[in-house]
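Let me begin by presenting the structure, written as structure tokens, before commenting on it.
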Amino acid sequence: MSTISHDPDAHRFSTEVDGNRAELDYRLADGVMTITHTRVPPAIGGRGIAAQLMEAALGAARAAGWSVNPACSYAKAYLEKHPQGPKEPPAADRQHVDELLDEALDESFPASDSPAVSGSR
């Protein structure tokens with residue numbers, strides 16, 4: 001998987017693979033992300049890079065509460081194939097995060113420290 005960069009000022013997601021830059025451009029207005037163009041050079045085509053750009057864009061839209069309007073043909077085709085949007089983390093990853101949170105809470109609030117124990121009688 002390539003590292004995807006997001007430049008909110010330029011309204012662009014991009015990545016560089018083997019010296020070639022791939023991009024996804026969008027417009028943003030009234031809480032709607034309109035994906036206007038995906039560009040993957042032929043030298044790095046066929047590796048799923050456009051899909052990675054779409055996943056990053058859809059994840060950002062979901063996090064911001066934006067709806068998505070696929071204006072470019074690739075974005076339309078991607079959303080037809082993946083109507084659920086970006087993949088959720090596997091259940092094992094979510095379980096691991098839940099366990100870490102539980103452990104952190106246990107360390108912060110040990111069960112032996114009863115709220116009824118205050119030191120004053």
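Each value in this text was obtained by applying a stated rule to the coordinates, not by laboratory testing. The shown structure was predicted, so the numbers you read here are calculated from the model rather than taken from an experiment.
Remarks
- Residues whose amide H falls under 5 Å from that of residue 69, counting only those 5 or more places apart or on a different chain, are 33, 34, 35, with hydrogens built in the peptide plane.
- Extension gain for residue 82-residue 17 works out to 21.0 nm (0.36 nm per residue, less the C-alpha to C-alpha distance).
- From phi via Karplus (6.51, -1.76, 1.60), per-residue ³J(HN,Hα) for region 4-10 in Hz, x at Gly/Pro: 9, 9, 10, 10, x, 5, 8
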